[in-house]
Each structure stands twice: as structure tokens, then as C-alpha cells.
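The values are calculated or read from the model by the stated rules, or taken from the named source; none is laboratory data. This one's a predicted model, so the numbers in the text were calculated from it and none came from an experiment. Glycine also receives a Cβ, built like all others from the backbone with ideal geometry; neighbour counts cover every protein chain displayed. What goes into the accessible areas is simple: the full protein's heavy atoms, side chains included, and nothing from ligands, DNA or RNA. Shrake-Rupley method; radii C 1.70, N 1.55, O 1.52, S 1.80 Å.
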Amino acid sequence: MTYQEAYRRGYERLEAAGITDARTDTWILMEAVSGMSRALYLAERDRPMPPEMEARFREMTEKRTRRIPVQYLTGEQEFMGYSFRVTPDVLIPRQDTEVLVETAEKALKPGMRVLDMCTGSGCIAVSLALRHPEIQVQASDISGKALAVAQENARRLGAEVTFVQSDMFAEILGPFDVIVSNPPYIPTEVIETLQEEVRLHEPKGALDGSGDGLFFYRILAEKGGRYLKPGGRMFLEIGCEQSRDVEALLRENGFEEIQTGKDLAGLDRVVTGVVK
């Protein structure tokens, strides 16, 4: 079977299985298995595909028909221009979260201490450390498996990040100039309505924000101020309908200059507050 024939069969298999982005996903799997760029594929597409490579491509295609996210099959996801290792132990980084990074970094100055709470893959902490090597970044998560992935990403990308396993603030020592967090924020009952790729394969602990989706925001609002220096800032990624509630939580707990920023789609995405 040639590379082109393998690609066509893979695409047809994914399309028949109802995969929305069948063409894109087929190419991503082909690229991951063969290591080919698009230009090289076009030049070599009529050549026979090595049998072991063909078998691997077919295996990954079949797994994708079972709604396993393509990022878990390739083990990679791009975020802020960096390639991050991802496994089923961590949430797949989303482009929306890049807005959190870009918003937070506007407040950064040399020597600042930054805490990334609920770090998951480490994409936020590692990106901030790479883009701003003059700051000190600490990242925490309750999951040891998630922290192992985050630590691997820091090593692979050469980022200076300190990692702490902690149930929210339990093992955290402040103070910090900035706290950033993309906590679990999906209401429990809503999780069952999500796409199969998310509902069946991404870690529920990284999604479930309890009954109203605000469980972790309450902790961040109630305790976060104690871990911030005077004038310190908190940056929280939110679901697009949670702005009013999260702003209220920060206000009730003494934060000031509270505001909400939008993502590229114009949806509410990042709530910011300052401790005086």
C-alpha cells in the first residue's frame, strides 16, 4: 500500500465513523507515524509504505474511531508555540487558555514569583517560564501523574519551574506576586453532555467543578489572597457563562480592580482581581 492509499483509507475510515475533522485528523496521524512534512508526503506519496508503519497507522486510525483524542494518540499538543507532551492523565491544552497566559504576562516584572494552580500538563507554567525567564514560577497539582507529565514538559522545553504536589493551597508557601489558574469548572451534570472525546477520555478530575462549577473558584477566592503580596494579582480562566459569579466571589473576598477579559471568539474567558 502506498502512502497515498493508506491516507485515503484512513480518511474514509474516520469519515465513516463520524469524526468531524476526519481529513485533518488523518493527516495528523500520518505525520506522527511517518514523520513526513506535507511537502515530503506530496513527493513520496506513491511510494510503498513500510508494513510496520502501515500497521501502526491503521492501529492509530482505529483508536481514533473510538473517539480517543488525536492528541492522546500522538502524545503531543501545541500551546503558545511550544510542543507539549500530553497523556490521558492531563487535560489537553486548549487555544482558549493561551488568552490566560497572554493576559497574565502583561502584569509580570523581573523577579516576580508566580504560582500556577491546577497546572495539569504544565502548559501555563512552562510557557510563562520560557517567555519570561526573569520570573520565578511554581506549579502545583493534586495529581502526581499530572505533575510527572508537567515535569517532563519542563525538562523537554528547558523551562525553570518548581513543582509541588498539593491539594489546592495545602502544601503551598507564599507569598506570590501573581496566581494563575485554569481550574476544573464544568458543572458535574454538564459533563455527561460533552463530546465523547472529552467525556470518555479526558481526566474527569480536571473537568469537574462540582454542582455549579464554582467549587475551585470558591477556594481560590477565599484563600488565594493570603498567598498574594499586597498588590498581587489573580488570573482565572472561566467558562464563558461564569464571569458574574467568579467576579462576585473575588469581590466578596476583598479583591479589587476586578474585570473580565474575552477570548478570540469574543466570549468571557479570564477574570482578574487585585489584592490591596
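The table below gives the values:
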{"read-out": "log10 of Debye I(q)/I(0), alpha-carbon scatterers only, for the range 164-260 at 0.18, 0.20 Å⁻¹", "value": "-0.86, -1.01"}
{"read-out": "Neighbour net charge for residue 154 - beta-carbon separation under 15 angstrom, K R +1, D E -1", "value": "0"}
{"read-out": "Relative contact order of the range 1-80, pairs being alpha-carbon contacts under 8 Å that are 6 or more residues apart, as %", "value": "41"}
{"read-out": "Extreme residue, positive dipole direction of the range 14-102, given options 101, 26, 91 (C-beta unit charges)", "value": "26"}
{"read-out": "Most positive-pole-ward Cα, 137, 127, 179, against dipole of the range 125-183 from beta carbon charges", "value": "127"}
{"read-out": "For the chain: Kirkwood Rh in Å [reciprocal of mean 1/r, alpha carbons]", "value": "20.0"}
{"read-out": "Dipole in debye (nearest 20) - the range 175-262, about Cα centre, beta carbon charges: Lys, Arg +1; Asp, Glu -1", "value": "420"}
{"read-out": "Whole-Hz couplings from phi, Karplus 6.51/-1.76/1.60, listed for the range 56-73; x for Gly and Pro", "value": "5, 5, 5, 5, 5, 5, 5, 5, 5, 5, 8, 6, 5, x, 4, 5, 6, 6"}
{"read-out": "Global geometry of the range 140-211, whether rounded, prolate or oblate, following the gyration tensor of its Cα atoms and the 1.5 cut on a/c", "value": "oblate"}
{"read-out": "Cα-centre dipole for the range 128-276 with unit charges at Cβ (Lys and Arg positive, Asp and Glu negative), debye to 20", "value": "500"}
{"read-out": "Listed residues 215, 258, 228: farthest to the positive end of the dipole of the range 206-262 (Cβ charges)", "value": "228"}
{"read-out": "When each of 63/106; 204/229; 63/204; 109/262; 223/262; 204/276 is checked by Cα-Cα distance, pairs over 31 Å", "value": "63/106; 204/229; 204/276"}
{"read-out": "Alpha-carbon spread of the range 1-116, three principal axes, descending order, Å", "value": "57, 30, 21"}
{"read-out": "Separation between Cα centres of the range 48-66 and the range 197-272, rounded to whole Å", "value": "41"}
{"read-out": "Rounded percent of accessible protein surface that carbon and sulfur make up, the range 218-276, 1.4 Å probe", "value": "44"}
{"read-out": "Accessible surface, the chain, averaged per residue in Å² (probe 1.4 Å)", "value": "49"}
{"read-out": "Tensor-based shape of the range 92-220 (alpha-carbon gyration tensor, a/c under 1.5 rounded, otherwise prolate or oblate)", "value": "prolate"}
{"read-out": "Under Karplus coefficients 6.51, -1.76 and 1.60, residue-wise ³J(HN,Hα) of the range 31-48 in Hz, glycine/proline x", "value": "5, 5, 6, 8, x, 7, 7, 4, 4, 5, 4, 4, 7, 10, 4, 8, 7, x"}
{"read-out": "Helical mean residue ellipticity (222 nm; -39500 (n - 2.57) per DSSP H run of 4+; nearest 500) of the chain", "value": "-12000 deg cm²/dmol"}
{"read-out": "Computed accessible area, residue 96, all protein chains, 1.4 angstrom probe, square angstrom", "value": "60"}
{"read-out": "Share of carbon and sulfur in the accessible heavy-atom surface of the range 113-207 [1.4 Å probe, %]", "value": "49"}
{"read-out": "Test item: Cα-centred dipole of the chain, Lys/Arg +1 and Asp/Glu -1 on Cβ, debye", "value": "440"}
{"read-out": "Rg ratio (alpha-carbon, reference 2.2 N^0.38 Å) - the range 30-86", "value": "1.26"}
{"read-out": "Sequence-separation-based contact order of the chain, relative, with Cα cut under 8 Å and 6+ spacing, percent", "value": "14"}
{"read-out": "Per-residue ³J(HN,Hα) for the range 224-235, Karplus 6.51 cos²θ - 1.76 cosθ + 1.60, θ = phi - 60°, Hz, x for Gly and Pro", "value": "x, x, 6, 9, 10, 5, x, x, x, 10, 10, 10"}
